[in-house]
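Scroll down for the structure; my scribbles are underneath it.
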Amino acid sequence: MEVTQVLLNAQSIDGAVRKNAEESLKHFQEQNLTGFLLLLSGELVSEEKPVETRKLAGLILKNALDAKDQQRKVELVQRWLSLDGNAKSQIKAGLLKTLSSPVSDARSTASQVIAKVAGIELPHKQWPELVGSLLSNVHQLPAHAKQATLETLGYLCEEVSPDVIDQDQVNKILTAVVQGMSASEGNTDVRLAATRALYNALGFAQANFSNDMERDYLMRVVCEATLSPEVRIRQAAFECLVSISSTYYEKLAPYIQDIFNITAKAVREDEEPVALQAIEFWSSICDEEIDILEEYGGDFTGDSDIPCFYFIKQAIPALVPMLLETLLKQEEDQDQDEGAWNIAMAGGTCLGLVARTVGDDIVPLVVPFIEENITKPDWRQREAATYAFGSILEGPSPAKLIPLVNVALNFMLSALTKDPNSHVKDTTAWTLGRIFEFLHGSAVDSPIITQANCQQIVAVLLQSMKDTPNVAEKACGALYFLAQGYEEVGPSSPLTPFFQEVVQSLLTVTHREDARESRLRTAAYETLNEVVRCSTDETAPLVLQLVPVIIMELHNTVEGQKLSSDEREKQSELQGLLCGCLQVIIQKLGSSESTKYLFLQYADQIMGLFLSVFACRSATVHEEAMLAIGALAYATGPDFAKYMPEFYRYLEMGLQNFEEYQVCAVTVGVVGDICRALEEKVVPYCDGIMTQLLKNLSSNQLHRSVKPPIFSCFGDIALAVGEYFEKYLMWAMSALQSAAELSTHTAGDDELIEYINTLRNGILEAYSGIFQGFKNSPKTQLLIPYAPHILQFLDGIYMEKDMDDVVMKTAIGVLGDLADTLGSHAASLIQQSVSSKDFLNECLSSEDVMIKESAEWAKLAISRAISV
């Protein structure tokens, strides 16, 4: 096989040539993997070969070692580990040799492949000499090889976890990296590679950061690099500082003043990429302090060991003026560009974080800036003042902000319609949205919106929804929060008189020619949904009139014309928005008997449309349509049975959709809704559903987040079908048992603990449904053999002491269900368990009302079981 030619063909402009080349590469790889990888590494090493083929050879080599998909990754790792040792040594030697190639693309590709091999081998105690041979390269070679070696060390640190490399080697890596960063290193590329490598190596430096001298030295080198004449080095050095601010927050105190001076200079004078990182440093410190203060609450004393250094509080007299200056550096078209990010936006974001960190203290520092600039002739000053105001609305107390808002509100309403500049209008609408989000609603004592100004506010927002798409989108957002604030106002809402007009205006927005720009159509539907969701009974007849309108819109999207793929995507997006809207309307009208009866005349028509939406797509099920069907099942109750014969195949498709696991999770939830609606009428479909759910649980292809809802769903099914669940009992209990064992012996990070608690809750909901389903049935005794394991599980999670309140409530409920259903059969088992004493007592004295109620009930059920 003439590999160079094939690799060139694989990059050909001619599709047929390219496809042919890809086929032969794939064929060769399947026929003889070792030979294939050796050829690729030979291609990458050879200085005679063209740069395009060397680069592609390296890329294919890299993809043979790693994949995004977890399952595939595990297979590739095993495949590499089982390859012939001589071949692997030859490949690795070739890769190391390529690091000194004069061709930069070849070097860079080799760096990445070496890191991937190291990521597989180092954890298995293979290739122990790698770090040593890389380090020996750093000291003597020509500059380009030095640069490639440092780049490799950086990728290596990104690829392996810190416990894989011993401290002695970490020290040597850091020494090499820091030498590469120092000003005495003449070559810019080497300094840049070293600075980027340090960024990846910071996670390995725990021990070094705990040593004062080493930490001082590292900090000095990073701070010096922020002053480099080369902009990319300055940017990389600030990226290191940002990473240090979160990884080593508690070690920063001695350096914070110097860092402030460096960042302030960069924000004021340096190029944008550098200035953005300098602002990011302070945003990162805010994130750290917000987390610490939230975790410890406001109730610690001054000398306690709370690890907050209040860097932001100390810095605000200088930090806030610096951030306010950045707000004046807007770009002309930033509002139209979805992904825009610039100094003004970064500064405003940081200002918002500072407000959340220090609360009321920020207000007097910002108000003079707002007062000075809000009426200036230059749009930049008016926009900056408005942005500053909007940024500080979350954090300070309502008592501090409401007087300001009362003064500013009229001014802003007038600016939203009259200001000649679109930027100013955009930011004004955003700020109004923030005012309504944080300072309007039942939680705020003194209302900012009154009978007197409500009409004006609505009129201005509806007017503004006719403005350019970006302004209209922000106006929709403001209306969203305005409606949300009236969610719990009782029988009559101040928005009632405007309901019809608001709904009509929002529907008009969804039909604008330019509604796809700035997410405008999506925002209009989201706002319409919120207006409907928060409406009161007095507008129910108007919501009912909305049903045929939305039905008609959805009907128009399923009319069968042949669509291009771009049009199909638009169609699917619009169907999603309309199904979401119908879901909210169904929930609203289905929640009271009077409107439910009137609404159900549309049920057949709506269900027919949902099925047509499914039919528009060949392989996947539409997520929003599925959610809306769940709401419809809940509203129609047992009558939903008539839709099952047609709907069932889409339900099955949804349960089989492993790729889009959110769709799978949503479908599992809908199975629960259907069980609650149909009760025993769901029996004919249970075999298919249970088979698919058990299959999903045993698959390692399915995302772990779908497994807890599947267990809950067992409970829903058992509750619906009662003793008929007997035929699935053995399979379900065995799956529950193995998951229960998994979820009690775990140590891990917060994310894992959170998942484990979700898993436990799913398992417990299943047990609860099964016990309640079998209650008062002659087949209750089938459950007795499972009682010891279930009690052991309850004891196990109690002993681990890491369950959250949700799990606590469900767990104590299961103890009650077990006692209630099994009665005297379980009495002695219950008395031997820890749960029935310590855990129950702990729940009985809980602050949480829900836990307490569950515990009282469990106590009663236990005492009945024991006394029989």
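A few remarks follow.
- Selected residue (criterion: surrounded by the most Cβ atoms within 10 Å (Cβ to Cβ)) from residues of the range 729-738 that are closer than 12 Å to LEU697 by Cβ and over 32 Å from the mean Cα position of the chain (by Cα): TRP731
- Looking at GLU726, GLU754, GLU741, just one residue is farther than 23 Å from THR691 by Cβ, over 25 Å from the mean Cα position of the chain (by Cα) and of a type in the set (D, E, K, R), and that residue is GLU741.
- If you check GLU30, GLU75, GLU47, GLU43 for being surrounded by fewer than 14 Cβ atoms within 10 Å (Cβ to Cβ) and within 30 Å of ALA143 (Cβ to Cβ), only one passes: GLU47.
- Scoring ASP66 on the criteria (1) under 22 Å from LEU7 (Cβ atoms); (2) in a helix (DSSP H, G or I); (3) acidic (Asp, Glu) leaves a single failure, condition (2).
- Candidates ILE262, ILE290, filtered to the one that is free of Cβ contacts under 8 Å to residues at least 60 places away in the same chain, assigned to a helix (DSSP H, G or I) and open to solvent by 10 Å² or more (accessible area, probe 1.4 Å): ILE262
- Flag if THR326 is modelled with pLDDT of 95 or more and surrounded by 23 or more Cβ atoms within 10 Å (Cβ to Cβ): yes
- Some residue of the range 19-42 being within 16 Å of GLY94 (Cβ to Cβ), among the basic types (Lys, Arg) and out of contact with any Ser or Thr (no Cβ under 7 Å at 6 or more places or on another chain): no
- Scope the range 578-595; condition open to solvent by 50 Å² or more (accessible area, probe 1.4 Å) and part of a helix (DSSP H, G or I); matching residues: GLN587, LYS588, GLU593, SER594
- Verdict on LEU598 being buried (at least 18 other Cβ atoms within 10 Å of the Cβ) and hydrophobic (A, V, I, L, M, F, W, C): no
- Filtered by the rule that a residue be surrounded by fewer than 16 Cβ atoms within 10 Å (Cβ to Cβ) and either in a helix (DSSP H, G or I) or among the small types (Gly, Ala, Ser) (or both), the range 212-246 gives ASP212, MET213, ASP216, TYR217, ARG220, GLU224, VAL231, SER246.
- Residue match in the range 740-750 (condition: in contact with a helix residue (DSSP H, G or I) (Cβ under 6 Å, 6 or more places away or on another chain), modelled with pLDDT of 95 or more and open to solvent by less than 10 Å² (accessible area, probe 1.4 Å)): no
- All positions within the range 662-673 that are open to solvent by less than 10 Å² (accessible area, probe 1.4 Å) and over 14 Å from PHE714 (Cβ atoms): VAL663, CYS664, THR667, VAL670
Results for (1) among the charged types (D, E, K, R); (2) open to solvent by 50 Å² or more (accessible area, probe 1.4 Å); (3) at pLDDT 95 or above, shown as yes or no for each residue.
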position: LEU632; (1), (2), (3): no, no, yes
position: ALA641; (1), (2), (3): no, no, yes
position: MET653; (1), (2), (3): no, no, no
position: ASN657; (1), (2), (3): no, no, no
position: GLU660; (1), (2), (3): yes, yes, no
position: LEU678; (1), (2), (3): no, no, yes
position: ILE689; (1), (2), (3): no, no, yes
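- Taken over the range 486-518, residues that are touching a Ser or Thr at 6+ places or on another chain (Cβ under 7 Å), surrounded by 14 or more Cβ atoms within 10 Å (Cβ to Cβ), over 21 Å from MET552 (Cα atoms) and of a type outside the set (Phe, Trp, Tyr) amount to 2.
- If you check LEU59, LEU38, LEU96, LEU8 for being open to solvent by 30 Å² or more (accessible area, probe 1.4 Å), in contact with a Pro (Cβ under 8 Å, 6 or more places away or on another chain), in a helix (DSSP H, G or I) and of a type in the set (A, V, I, L, M), only one passes: LEU8.
- Count - residues of the range 520-554 that are of a type outside the set (A, V, I, L, M), crowded, with 16+ Cβ neighbours inside 10 Å and more than 21 Å from SER493 (Cβ to Cβ): 3
- Any pair with Cβ under 6 angstrom, 6 or more apart, that starts in the range 203-220 at a residue that is closer than 23 Å to LEU156 by Cβ and ends at one that is of a type outside the set (Phe, Trp, Tyr) and open to solvent by 20 Å² or more (accessible area, probe 1.4 Å): GLY203/PRO162; PHE204/PRO162; ALA207/GLN167; ASN208/GLU214; PHE209/ARG215; PHE209/LYS251
- Residues of the range 354-370 that are aliphatic (A, V, I, L, M), open to solvent by less than 60 Å² (accessible area, probe 1.4 Å) and touching a residue at least 40 places away in the same chain (Cβ under 8 Å): VAL354, ALA355, VAL358, ILE362, VAL363, VAL366.
- Yes/no for MET803 being out of contact with any strand residue (DSSP E or B) (no Cβ under 6 Å at 6 or more places or on another chain), among the aliphatic types (A, V, I, L, M), open to solvent by 10 Å² or more (accessible area, probe 1.4 Å) and assigned to a helix (DSSP H, G or I): no
- Hits in the range 482-541 (condition: part of a loop (DSSP other than H, G, I, E, B) and either in contact with a strand residue (DSSP E or B) (Cβ under 7 Å, 6 or more places away or on another chain) or under 22 Å from ASP467 (Cβ atoms) (or both)): LEU495, HIS511, ARG512, GLU513, ASP514, ALA515, ARG516
- Of all residues in the range 198-244, those satisfying the criterion of being closer than 19 Å to THR188 by Cβ and of a type in the set (Phe, Trp, Tyr) are TYR199, PHE238.
- Evaluating LEU44 against the criteria (1) under 19 Å from GLU159 (Cβ atoms); (2) in contact (Cβ under 8 Å) with a residue 12 or more places away in the chain; (3) under 38 Å from the mean Cα position of the chain (by Cα) leaves one unmet condition, (3).
- Only one of GLN575, GLN571 that is more than 23 Å from PHE481 (Cα to Cα) and open to solvent by 20 Å² or more (accessible area, probe 1.4 Å): GLN571
- When the residues of the range 336-394 are filtered to those that are of a type in the set (Asp, Glu) and assigned to a helix (DSSP H, G or I), the one that is farthest from ARG516 (Cα to Cα) is ASP361.
The values are calculated or read from the model by the stated rules, or taken from the named source; none is laboratory data. All values derive from a computational prediction rather than experimental measurement. Every residue, glycine among them, receives a Cβ derived from its backbone with ideal geometry; neighbour counts consider all protein chains shown. Protein only, heavy atoms only, side chains kept; ligands, DNA and RNA dropped before computing areas. Shrake-Rupley method; radii C 1.70, N 1.55, O 1.52, S 1.80 Å.
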